[in-house]
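The values are calculated or read from the model by the stated rules, or taken from the named source; none is laboratory data. Treat the numbers as computed from the prediction; the structure is a model and nothing was measured. Every residue, glycine among them, receives a Cβ derived from its backbone with ideal geometry; neighbour counts consider all protein chains shown.
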Amino acid sequence: MSQSREMLPRESLLWIFAAQFAALLPQFALLPLWIVCAWAFAVYWRLEVYRGRRDLPGRTIKLLAVALAVGGLALSYRRWFALEPMVALLAVSFTLKNLELVSRRDAFLSLLLAYFVAATLFVFEQTIPHAFYGAVCVVLITAALAAQQGSSSARPRRALGLSLRLLAQAVPLMLLLFIVMPRLGPLWAVPQNTDGASTGISDSMSPGDFAQLSKSDKPALRIAFDGPVPPPEQRYWRGLVYSDFDGRRWSQGFGVDPREGGRVSWGPPQQPLPAVGPRYRYRVIQEPTHNRWLFAMARPHSDTDGVGETPDDRLLKKAPVYNRFAYEVRTWPRETLGAVPDLSDFERSRNLQLPGGGNPRTRAWAQELRAKNPDTEEISRRILQFYNRRFVYTLKPPALGADSVDEFLFESQQGFCEHFAGSYVFAMRAAGVPARVVAGYQGGEWVAQEEYLLVREYDAHAWAEIWIPGRGWRRVDPTAAVSPERIRDGLRSAAAEEFMQDSLFPLHRISVLNRLRLQWDMINYRWYQSVVSFDSDRQRGLLQRILGEVSPLRIALFIAVPLGAALLCVLSWLWWSGCSRRLPPASRLYRKFCRRMARAGIERRPGEAPRDFARRVRAEKPHLGPMVERITAAFEKAAYCEDQEAEKQLRRLLRQWRVADGWW
Amino acid sequence: MQKLISHIVADIGRVLLGKEHQVKLALACLLSRGHLLIEDLPGMGKTTLAHALAQVLGLSYKRVQFTSDMLPADILGVSIFERDSGQFRFHEGPVFSQLLLADEINRSSPKTQSALLEAMEERQVSVDGETRPLPEPFFVIATQNPLHQSGTFALPESQLDRFLMRIGLGYPTREAERALFNGVDPRAQLRQLQPRIDGATLQKMQRLVGQVKASESLLDYVERLVQHTRQSPECAVGLSPRGALALLHAARAWALIHGRGHLLPEDVQAVLPAVAGHRLHSGSQGDWGDGTHLVERLMHQVDIIAA
């Protein structure tokens with residue numbers, strides 16, 4: 001206790017600030033700016049105290065600072081019980097602690113808090129760079145702790161060296177705990193920020209949305225298959241179904257979203273699944289979208305907790321995807337499902353809905369098609385043929401006016417997937433066929449010998465589904481009629497010239513960089529797979545693989561055996577370094593010689609100089625005299641004249657002697 | 001070089017019979033620019049040793065017999081008004097010599113003692129507000145009677161520390177005593193001694209001392225030795241850093257006297273009792289000044305080779 005009451009070593013102060021800065025740096029981007037200023041101010045004040053220009057603040061000023069900080073937090077965040085205000089509160093209290101950094105105990109408190117602040121980083125981000133930065137923080141904070149020992153322990157090399165050594169020793173324990181520590185689910189959930197901008201596909205589609213998405217090469221999904229892999233033209237990752245058209249915008253329509261009372265079945269599927277196994281099994285890792293919809297092929301089912309299924313064959317998550325989210329999916333292609341019930345009247349009218357007016361040419365054309373061809377599929381084929389003959393697939397279509405469908409179909413005839421899907425569904429509906437627009441991703445790029453499929457934002461795609469009586473919903477992709485390579489090879493080859501044309505640095509044209517990016521993505525994927533998403537299931541799996549069977553006894557052994565081995569290693573290392581490592585070689589050799597002499601009956605006294613000892617040996621055992629004298633001379637030269645040759649000679653002499661001995 | 005030193009040792013040995021070790025220690029002390037304190041009973045040859053050293057090394061030599069009524073001016077010198085020039089002129093005291101023998105230093109008052117000791121430390125003298133450097137080289141060989149003798153003022157520890165070494169001479173050996181009885185007259189021998197070197201050569205030799213190599217192993221040993229004096233329960237106070245440096249320096253001089261360019265543990269052991277004896281004491285009242293035995297005991301507790 002007396003030690004903790006001591007003043008903190010002066011020179012360690014900079015270390016504390018460095019550690020604080022490192023811990024706070026990632027938060028600075030998230031926190032309101034005034035917290036950064038508050039930290040800088042507190043540090044400045046403390047440094048002034050350090051230089052003797054100012055006193056530590058009194059009680060009044062401290063109270064004022066606390067009041068200001070609380071007020072600032074209240075003004076900056078309207079909600080209290082959310083993650084950001086809590087992190088901000090932590091950061092502020094951490095900052096204010098600098099104003100009373102006096103004793104060593106305060107320093108310990110501040111630094112232990114710094115560990116905690118550094119750990120909050122992982123609430124927001126869990127990527128490799130963040131993990132690396134977290135490790136750097138831990139090294140710095142530990143170094144700052146090491147610097148508290150006083151007596152020049154604050155020297156950068158000493159503090160950092162000690163810190164690295166300590167942490168290196170802690171690594172095996174960390175790995176062990178990572179594997180063994182029981183993984184509890186979160187005991188309580190802190191609401192995360194919901195106002196973060198959502199990325200990717202949105203809940204409505206108007207002309208230009210997808211062209212916007214095509215400019216982003218951010219990853220959206222990573223999909224790893226277990227078993228068969230669908231061919232490229234089957235890789236449609238459905239996310240949203242738009243049934244409502246207002247003349248310009250396609251949207252889900254009222255009552256589909258679960259917040260508006262949409263039906264979602266959580267748990268076991270309500271529609272019966274066929275007895276035959278699913279065609280595809282895969283695991284999707286979705287980047288945070290701040291939305292609830294997930295992406296899967298039709299018709300999906302997921303056993304992952306918190307994932308539900310909608311009547312229109314999509315997957316939904318209970319809470320929005322704020323962090324990277326992984327889910328297991330099984331997919332049965334629709335053709336394998338057998339008999340389908342008829343479309344309900346409500347669904348039929350929803351999927352035939354058209355705005356009251358507008359686009360007269362399209363309506364007339366569709367009705368004409370309808371009149372000529374009673375068969376639904378024939379109508380569809382005709383429309384697709386129409387696309388195929390004249391239309392151009394481009395990322396930069398001309399702007400469209402009020403009757404967007406008319407203008408697109410009969411005038412501009414240039415467009416992007418959303419134009420094709422939208423106009424196709426419009427025409428089908430006008431022809432009396434229930435149809436809907438489906439949005440999601442299409443395609444993907446293999447990474448690392450088909451380990452997983454990387455789907456990026458620019459793979460966002462819109463297509464259509466039409467209802468065929470007796471067969472159910474069928475996917476129709478009008479884009480494929482115009483630009484089959486978009487479906488087969490992806491956007492990059494379909495729109496080679498236009499692809500990512502606006503990007504500042506057309507890095508995607510350099511294939512080496514593309515390869516590097518894919519590799520980096522793969523590293524991230526494996527990191528996520530093995531570290532971040534290591535939950536209790538995976539833990540059980542791993543322990544089972546290592547131990548064969550998970551029982552308390554085995555786990556105890558699993559912990560105790562490596563621990564015991566490690567302790568033994570440390571013990572032997574201590575012993576070894578304590579007894580011989582610090583000795584220079586010459587002294588070590590001379591000690592050996594002394595041990596031999598002791599066995600021969602003449603023990604060197606501690607304070608006896610080598611020469612005196614040699615003299616005594618000569619007096620007591622004259623036959624040893626010459627050898628002992630040569631060894632002593634060599635030792636003196638080696639140890640006190642630092643003569644390398646003499647050291648070798650000493651070694652040689654001792655070796656010869658061993659050969660020659662046997663007479664004692 | 002080696003020859004020269006052995007000549008010097010032999011020359012002094014002719015005057016001071018059978019005291020080769022002490023002569024070498026005294027020489028080592030002078031070579032490492034330290035002052036020497038000789039402590040022994042009256043009539044053991046303390047003065048003879050000092051005189052012989054001065055003679056052989058070719059140094060200007062003055063002797064002061066300390067008494068209880070001496071004043072600092074008696075040693076340092078005084079300014080006297082000269083009527084002819086109408087000015088004060090400084091008359092240098094005996095301290096302005098290359099080798100000063102301060103006989104029976106512990107018989108004078110502390111005031112006078114400290115005047116001399118200041119001169120020893122600073123190698124300069126301030127009189128009447130003027131600082132005067134002392135000649136180079138400058139040595140003080142002080143002798144003192146054992147403390148239990150009457151009429152002595154003990155030198156305080158801080159002042160003892162100014163002396164690099166304290167040696168005792170001890171009774172002569174039988175052969176030496178017999179030679180004395182047979183009519184060998186040390187004083188006559190003393191008069192016959194010729195200087196082997198002069199002050200300048202001595203200074204060169206002093207510089208050589210600094211070049212004697214001390215290996216890591218040896219420094220380790222010295223460090224352990226010093227640490228042991230600081231930690232041992234037998235010792236009331238450990239060896240100060242100044243004491244440790246003195247030890248190393250004296251050991252270097254000892255190595256040089258024995259013609260070696262590097263230090264051996266023996267060198268350290270040889271000078272250790274003389275260097276550390278007056279700096280250490282066991283703390284118990286009766287043992288005061290008995291540091292030499294203590295040092296020898298401690299010396300045998302520290303392993304030369306390793307910790």
Please enumerate the residues belonging to region A:625-652 that are surrounded by 19 or more Cβ atoms within 10 Å (Cβ to Cβ) and either of a type in the set (A, V, I, L, M) or not assigned by TED's automatic domain parsing to the domain that holds residue A:599 (or both).
-> A:628, A:631, A:634, A:638, A:639, A:646, A:650
Answer with yes or no whether residue A:295 is under 30 Å from residue A:423 (Cβ atoms), assigned by TED's automatic domain parsing to the domain that holds residue A:465 and touching a Phe, Trp or Tyr at 6+ places or on another chain (Cβ under 6 Å).
-> yes
Across region A:289-347, the tally of residues that are basic (Lys, Arg) and either out of contact with any Lys or Arg (no Cβ under 9 Å at 6 or more places or on another chain) or farther than 17 Å from residue A:238 by Cα (or both) stands at 2
For residue B:37, all conditions in the list (1) touching a Ser or Thr at 6+ places or on another chain (Cβ under 8 Å); (2) at pLDDT 85 or above; (3) more than 18 Å from residue B:119 (Cβ to Cβ) hold save one; what is the number of the exception?
-> (3)
Of all the helices (runs of 4 or more DSSP H) wholly in region B:116-195, which have at least 1 residues that are polar (S, T, N, Q), in contact with a Lys or Arg (Cβ under 9 Å, 6 or more places away or on another chain) and surrounded by 12 or more Cβ atoms within 10 Å (Cβ to Cβ)?
-> B:186-192
Is region A:354-370 home to any residue that is of a type in the set (Asp, Glu), farther than 25 Å from residue A:213 by Cβ and either in a loop (DSSP other than H, G, I, E, B) or touching a residue at least 24 places away in the same chain (Cβ under 8 Å) (or both)?
-> no
Does residue A:630 satisfy being under 26 Å from residue B:222 (Cα atoms), modelled with pLDDT of 85 or more and away from chain B (no Cβ under 13 Å)?
-> yes
Those residues of region B:188-225 which are of a type outside the set (S, T, N, Q) and within 14 Å of chain A (Cβ to nearest Cβ), in sequence order = B:212, B:213, B:214, B:216, B:218, B:219, B:220, B:221, B:222, B:223, B:224, B:225
Which residues, counting only those in region A:414-438, are among the charged types (D, E, K, R) and more than 21 Å from residue A:311 (Cα to Cα)?
-> A:418
Does residue A:556 fit the bill of being surrounded by 11 or more Cβ atoms within 10 Å (Cβ to Cβ), more than 14 Å from chain B (Cβ to nearest Cβ), more than 17 Å from residue B:220 (Cβ to Cβ) and touching a residue at least 40 places away in the same chain (Cβ under 8 Å)?
-> no
Give the number of residues within region A:77-93 that are assigned to a helix (DSSP H, G or I) and modelled with pLDDT under 85.
-> 5
Residue count, region A:582-602 (criterion: within 19 Å of residue B:224 (Cβ to Cβ), small (Gly, Ala, Ser) and more than 8 Å from every other protein chain (Cβ to nearest Cβ)) | 0
Residues in region A:295-306: is at least one small (Gly, Ala, Ser) and either in contact with a Ser or Thr (Cβ under 9 Å, 6 or more places away or on another chain) or part of a strand (DSSP E or B) (or both)?
-> yes
Taking the stated definitions as given, is residue B:252 among the charged types (D, E, K, R), within 14 Å of chain A (Cβ to nearest Cβ), buried (at least 20 other Cβ atoms within 10 Å of the Cβ) and in a helix (DSSP H, G or I)?
-> yes
In the list B:280, B:294, which residue meets the criterion of being modelled with pLDDT under 85 and not in a helix (DSSP H, G or I)?
-> B:280
When you look at residue A:95, is it out of contact with any Asp or Glu (no Cβ under 6 Å at 6 or more places or on another chain), farther than 29 Å from residue A:524 by Cβ and among the β-branched types (Val, Ile, Thr), yes or no?
-> yes
Take residue B:15 and decide whether it is β-branched (Val, Ile, Thr), assigned by TED's automatic domain parsing to the domain that holds residue B:120, modelled with pLDDT under 85 and within 20 Å of residue B:169 (Cα to Cα).
-> yes
Check A:142, A:127, A:95 and return the single one that is over 21 Å from residue A:73 (Cα atoms), surrounded by 21 or more Cβ atoms within 10 Å (Cβ to Cβ) and polar (S, T, N, Q).
-> A:142
In this structure, is residue A:336 surrounded by 15 or more Cβ atoms within 10 Å (Cβ to Cβ), of a type outside the set (A, V, I, L, M, F, W, C) and assigned by TED's automatic domain parsing to the domain that holds residue A:424?
-> no
How many residues does region A:304-331 hold that are of a type outside the set (Ser, Thr, Tyr) and touching a His at 6+ places or on another chain (Cβ under 8 Å)?
-> 5
Which of the residues belonging to region A:603-627 are more than 13 Å from chain B (Cβ to nearest Cβ) and either within 22 Å of residue B:220 (Cα to Cα) or not in a helix (DSSP H, G or I) (or both)?
-> A:621
Run residue A:66 past the list (1) surrounded by fewer than 18 Cβ atoms within 10 Å (Cβ to Cβ); (2) out of contact with any Phe, Trp or Tyr (no Cβ under 8 Å at 6 or more places or on another chain); (3) in a loop (DSSP other than H, G, I, E, B) and report the number of the one that doesn't hold.
-> (3)
Within region B:156-180, work out how many residues are charged (D, E, K, R) and over 19 Å from residue B:37 (Cα atoms).
-> 4
Which one of B:146, B:135, B:186 is of a type outside the set (S, T, N, Q) and within 24 Å of residue B:280 (Cα to Cα)?
-> B:146
Residue that is touching a strand residue (DSSP E or B) at 6+ places or on another chain (Cβ under 7 Å) and among the charged types (D, E, K, R), where the choices are B:132, B:196, B:174 | B:132
If the Cβ limit is 7 Å and pairs must be 6+ apart or interchain, which residue in region A:577-592 that is part of a helix (DSSP H, G or I) pairs with which residue that is at pLDDT below 80?
-> A:587/B:305; A:587/B:306; A:588/A:580; A:590/B:305; A:591/B:305; A:591/B:306
Quick check: is even one residue across region A:53-60 assigned by TED's automatic domain parsing to the domain that holds residue A:88, in a loop (DSSP other than H, G, I, E, B) and among the aliphatic types (A, V, I, L, M)?
-> yes
